[in-house]
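Engineer: Pasting a structure here, questions to come.
The values are calculated or read from the model by the stated rules, or taken from the named source; none is laboratory data. Computed from a predicted structure; not experimentally measured. For neighbour counting, all protein chains shown are included, and Cβ atoms are generated from backbone atoms with ideal geometry for every residue, glycine included.
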Amino acid sequence: MWKMTETYVTVCMRRGFADVKKRFQWILIIAATVMCIGAGAAAEDEMVTPPVKIINYRDHIEPILKRSCYECHGENKQKGKLRLDSPAAIRSGGRDGAIIRGKDPLRSALYQLCALDPDNEDIMPSKGDSLTAEELLFLKLWIEQGSLFPDGQSAGGVSENVPLNELDRLSLTLPAVSEAEEQAIEALRASGVSIEMLGKEQTLCAVNCSHVATINQEHLRCIVARIVWADCAAPVCDDALLACFAQAPHLRRLHLEKSVVTNEGFQQLSRCLELEYLNISETQLGDAIVPTIARLPALQDVYYHDTQLTRMGVMELRIALHER
Amino acid sequence: MTVFSRRQFIFSCASALCASSLARLHASESEVPDYRHPTARNIIYIFLSGGMSHIDTFDLKPNWKDQGPVTSCATDVDGLFVNALLPGCAKNMKHTALIRSLTSTQGAHETGRYMMRTNYPQRGTIVHPSIGSWSVYYKGTENNHIPGHVVIGAGSTHPGAGYMETKCAPLPIGDPRKGLQNSRRSKTISPERFDKRFELLQAVNAPFDAAYNVKEVRAYKDVYEEALALMRSQDLDAFDVNKEPSYMHQSYGDHTFGQSCLLARRLVEHDVRFVEIELGGWDTHLENFERLDELLPIFDQGYSALLSDLEQRGLLDETLVVVGTEFGRTPALTTDGNGRGHHPSAYSCLLAGGGIRGGTVYGATDERGAEVVDKPVRIQDFNATIAHAIGLPIDQRMYAPDGRPFTVGNTGAPLYELFR
């Protein structure tokens, strides 16, 4: 361990980190203490920032690439259609696509392939010595820090930032799931209701109760503010259950296929102002529901095959939805 | 030993050196938020086994000398042309994202199929799970009475659940018209008697199950219990395409592939999350054009009937339909002038419905269709896109029984641009 540390200090100094030396003096003291109390075995998955702060392409990365990679990925040869001898070439990647993905070394082939086990057939460089631990660390940090080139451009691309969708944004506005809600969700799941948490903050849920015989409506009411998508495509869904879902302020999609909801019960849905999708196929619902549907401001799609809707009712429905 | 042993060594050295507060600070920064926003609930994956010729189907090159006797037709997307034998696909391009820049290094059928299905290169030491099994692993089954992963018409080389437990394994269906065979209780045994027999079986097994609580023993138990749940379930009808009216059979086509698509739609209606359909015969080394004349109408009818039917039922928004194949075929015709060889470096696949921005063409190949010239998509990226669509945590590590870490995305980056 001491040997390793010494090498590390030497490397850092050789590479011009004068301040590192000072820093190391007291780090070494701490290290000695730590080892005395036997905490040398650190948690394996706990990754630690080493003393080097900012990795610079010219000083740290280019020399590694020059020594270990240019021979096969340079001017003379372009194995795998990959060149590593210029920032532009690194950015454009090789036959297998980008070699740097976001700020994630583990998904970036440039780091990942070099960090493989030495006896793995895919390891890079495929000829000559593997990269040293220090070199790997530099590569890793460089990618984590955004793989910047001297011109300030990154190699990681922008597609890595998962775009937020509407549900993600909505999920930000709701409080975290409370303990009581957690219990309700567990109880519902135990009874066979499928509940999937959605959105960036995982504060929304999709509920599928089409495969259960009975549903504990009290539990359902407990989480009703979080329901954005409900599947009650089964005879288990009656007016009473619909009353429950009708209280969901953010309900977007509602499946009522094969349900036994009545025309009167359906009117409760007039409160679902965010409802965008409604499927009432194979139900006994008829023209009486058209005024209720027509007043739902966000509704875009209605599916209605095998219902009691007459041609007249469908036409009214179309006009109502079309006028939006 | 894991692949990161060397790194772990230096990190544990470094951890010992640096103050622990520093470590925590960094750990909190590097945590990848594990959130999911699915754009689809279900997946129907149509696997064209053998290697569909991209240049004769979705990536036509009319000015290329070896294009052969292929006529093109306009689609419902401006400026996009496909083979005239695919009129149904042409009408549904508004729901479809066409990826023309898939590129892989797997030029043999088995390894190519394996990689498409599991997202990992085939190795002798382990069998990786297919994407459908990843889906069941993370999301469970929505309908507890029937399996969440069904594979129709695939051969025995399908990787299935790989190293995962049997409950993630696909239920194989051979002939869609026959549905799930041997799944009903024999008429000669009353339900009471059957239950009594099962109780006896359980009583005999219980001590063994308790003494050997390992994966293989649990697998037997899971299979029994799932089979019984299925046998008693109302949802057994989901497997019976004969319950469909005859006009439905006609619109999907009176061939195994069409009926498989119809079965897939029924299964999705019963909340089976992942259905894979295999359509073979695309390995057109000989008589490429004659074979495509037979295959394309079959594929086109089943696939376009499936999209239209899902759309009419309000399910297309929630169901991602994937058309995948293991590789493309050589733009140059073989010496006898009528066949095409394996060509993994550029090929086409489709994604439709399920939150996909329809009418998209992603990536491009050169003037011969030989090499990708724009936006290359690796198999890993393609599968990560599918995993993203059903909301799987792409980067979350799962450890195989031998301790090796795997992720469903395997370094792939989802093509977010393809989603609405």
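Engineer: Filter the range B:291-316 down to the residues that are out of contact with any strand residue (DSSP E or B) (no Cβ under 7 Å at 6 or more places or on another chain), part of a helix (DSSP H, G or I) and touching a residue at least 24 places away in the same chain (Cβ under 8 Å) and list them by number.
Structural biologist: Across the range B:291-316, the qualifying residues are B:L292, B:D293, B:P297, B:I298, B:D300, B:Q301, B:G302, B:S304, B:A305, B:S308, B:D309, B:E311.
Engineer: What number of residues within the range A:124-145 are acidic (D, E), under 26 Å from the mean Cα position of the chain (by Cα) and modelled with pLDDT of 85 or more?
Structural biologist: 0
Engineer: Can you confirm whether the range B:224-233 contains a residue that is assigned to a helix (DSSP H, G or I) and under 19 Å from B:L279 (Cα atoms)?
Structural biologist: Within the range B:224-233, the subset assigned to a helix (DSSP H, G or I) is B:224-232.
When the remaining residues are screened for being under 19 Å from B:L279 (Cα atoms), the result is none.
Within the range B:224-233, none of the residues are assigned to a helix (DSSP H, G or I) and under 19 Å from B:L279 (Cα atoms).
Engineer: Moving on to the next point. Going by what's in this entry, would B:D381 be described as within 14 Å of chain A (Cβ to nearest Cβ), closer than 20 Å to A:S92 by Cα, crowded, with 21+ Cβ neighbours inside 10 Å and among the charged types (D, E, K, R)? Walk me through how you get there before you give the answer.
Structural biologist: On the way: within 14 Å of chain A (Cβ to nearest Cβ): yes; closer than 20 Å to A:S92 by Cα: yes; crowded, with 21+ Cβ neighbours inside 10 Å: yes; among the charged types (D, E, K, R): yes.
Spelling it out, B:D381 is indeed within 14 Å of chain A (Cβ to nearest Cβ), closer than 20 Å to A:S92 by Cα, crowded, with 21+ Cβ neighbours inside 10 Å and among the charged types (D, E, K, R).
Engineer: Could I ask something else about it? Output the strands (runs of 3 or more DSSP E) that fall wholly within the range B:44-130 and possess 1 or more residues being within 19 Å of B:I379 (Cα to Cα), or say none.
Structural biologist: By residue number, B:96-103.
Engineer: Applying the selection to the range B:201-215, what residues are assigned to a helix (DSSP H, G or I) and either closer than 14 Å to B:M164 by Cα or within 28 Å of the chain's Cα centre (by Cα) (or both)?
Structural biologist: The one that is assigned to a helix (DSSP H, G or I) and either closer than 14 Å to B:M164 by Cα or within 28 Å of the chain's Cα centre (by Cα) (or both): B:K215.
Engineer: To continue, here is another question. Going by what's in this entry, would B:V408 be described as at pLDDT 90 or above and part of a strand (DSSP E or B)?
Structural biologist: Working: at pLDDT 90 or above: yes; part of a strand (DSSP E or B): no.
So B:V408 fails the test.
Engineer: Which of the residues spanning the range B:162-198 are among the acidic types (D, E) and assigned by TED's automatic domain parsing to the domain that holds B:T141?
Structural biologist: Our first condition is that a residue be among the acidic types (D, E); within the range B:162-198, this holds for B:165, B:175, B:192, B:195.
Of everything in the range B:162-198, those that are among the acidic types (D, E) and assigned by TED's automatic domain parsing to the domain that holds B:T141 turn out to be B:E165, B:D175.
Engineer: Next up: Quick one: in the range A:197-208, which of the residues that are at the interface with another protein chain (Cβ under 7 Å from one of its Cβ atoms) and assigned to a strand (DSSP E or B) is surrounded by the fewest Cβ atoms within 10 Å (Cβ to Cβ)?
Structural biologist: A:N208
Engineer: Assuming B:P414 fulfils every condition listed in (1) within 18 Å of the chain's Cα centre (by Cα); (2) at pLDDT 90 or above; (3) within 12 Å of chain A (Cβ to nearest Cβ) apart from one, which condition is it?
Structural biologist: That leaves (2) as the condition not met.
Engineer: What is the number of the single condition among (1) in a loop (DSSP other than H, G, I, E, B); (2) under 23 Å from B:Q380 (Cα atoms); (3) in contact with a Lys or Arg (Cβ under 8 Å, 6 or more places away or on another chain) that A:A89 does not meet?
Structural biologist: Tallying (1) in a loop (DSSP other than H, G, I, E, B); (2) under 23 Å from B:Q380 (Cα atoms); (3) in contact with a Lys or Arg (Cβ under 8 Å, 6 or more places away or on another chain), A:A89 fails exactly one: (1).
Engineer: Another question about this same structure. Does B:V372 satisfy the criteria of being among the β-branched types (V, I, T) and within 22 Å of the chain's Cα centre (by Cα)?
Structural biologist: no
Engineer: Right, another one. Just one of the numbered conditions (1) over 19 Å from B:S104 (Cβ atoms); (2) more than 10 Å from every other protein chain (Cβ to nearest Cβ); (3) not basic (K, R) is not true of A:L82; which one?
Structural biologist: Just one mismatch for A:L82, condition (1).
Engineer: Being modelled with pLDDT of 95 or more, surrounded by 16 or more Cβ atoms within 10 Å (Cβ to Cβ) and among the aromatic types (F, W, Y): is that true of B:F47 here?
Structural biologist: yes
Engineer: Return a yes/no flag: does the range B:360-369 have any residue that is in contact with a Ser or Thr (Cβ under 8 Å, 6 or more places away or on another chain), part of a loop (DSSP other than H, G, I, E, B) and either farther than 30 Å from B:K139 by Cα or in contact (Cβ under 8 Å) with a residue 12 or more places away in the chain (or both).
Structural biologist: yes
Engineer: In the set B:R218, B:R177, B:R193, B:R197, which member is surrounded by 13 or more Cβ atoms within 10 Å (Cβ to Cβ) and either in a helix (DSSP H, G or I) or on the phi > 0 side of the Ramachandran plot (or both)?
Structural biologist: On inspection, the qualifying residue turns out to be B:R218.
Engineer: Next question. Hey, B:T157 hits all of (1) crowded, with 20+ Cβ neighbours inside 10 Å; (2) in contact with an Asp or Glu (Cβ under 7 Å, 6 or more places away or on another chain); (3) of a type in the set (S, T, N, Q) but one; which does it fall short on?
Structural biologist: (1) is the only condition that B:T157 fails.
Engineer: For the range B:138-174, what are the residues that are touching a residue at least 40 places away in the same chain (Cβ under 8 Å), within 14 Å of another protein chain (Cβ to nearest Cβ), in a loop (DSSP other than H, G, I, E, B) and more than 14 Å from the chain's Cα centre (by Cα)?
Structural biologist: If the condition is that a residue be touching a residue at least 40 places away in the same chain (Cβ under 8 Å), within 14 Å of another protein chain (Cβ to nearest Cβ), in a loop (DSSP other than H, G, I, E, B) and more than 14 Å from the chain's Cα centre (by Cα), then B:T141, B:E142, B:N143, B:N144, B:H145, B:I146, B:P147 are the ones that fit.
Engineer: Among A:I289, A:I319, which is over 18 Å from A:L269 (Cα atoms) and among the aliphatic types (A, V, I, L, M)?
Structural biologist: Of the residues listed, the single one that is over 18 Å from A:L269 (Cα atoms) and among the aliphatic types (A, V, I, L, M) is A:I319.
Engineer: If you check A:S147, A:S130, which single one turns out to be surrounded by 22 or more Cβ atoms within 10 Å (Cβ to Cβ) and more than 8 Å from chain B (Cβ to nearest Cβ)?
Structural biologist: Checking each option against the conditions leaves just A:S147.
Engineer: Tally the residues that are within 14 Å of chain B (Cβ to nearest Cβ) and in contact (Cβ under 8 Å) with a residue 24 or more places away in the chain, restricting the search to the range A:209-224. Working first, answer last.
Structural biologist: Quick first cut of the range A:209-224, residues within 14 Å of chain B (Cβ to nearest Cβ) only: A:209-213.
Next, only the ones that are in contact (Cβ under 8 Å) with a residue 24 or more places away in the chain stay: A:209-210, A:212.
Qualifying residue count for the region: 3.
Engineer: Does A:R311 qualify as being surrounded by fewer than 19 Cβ atoms within 10 Å (Cβ to Cβ) and either touching a Leu at 6+ places or on another chain (Cβ under 8 Å) or away from chain B (no Cβ under 12 Å) (or both)?
Structural biologist: Spelling it out, A:R311 is indeed surrounded by fewer than 19 Cβ atoms within 10 Å (Cβ to Cβ) and either touching a Leu at 6+ places or on another chain (Cβ under 8 Å) or away from chain B (no Cβ under 12 Å) (or both).
Engineer: While we're looking at this one, here's another question. Considering only residues of the range B:285-317 that are of a type outside the set (G, A, S) and in contact with a Ser or Thr (Cβ under 6 Å, 6 or more places away or on another chain), which is farthest from the other protein chains (Cβ to nearest Cβ)?
Structural biologist: Among residues in the range B:285-317 that are of a type outside the set (G, A, S) and in contact with a Ser or Thr (Cβ under 6 Å, 6 or more places away or on another chain), the one farthest from the other protein chains (Cβ to nearest Cβ) is B:R291.
Engineer: Identify the residue in the range A:274-319 that is within 20 Å of A:A233 (Cβ to Cβ) and polar (S, T, N, Q) and, among all such residues, is farthest from the chain's Cα centre (by Cα).
Structural biologist: A:Q308
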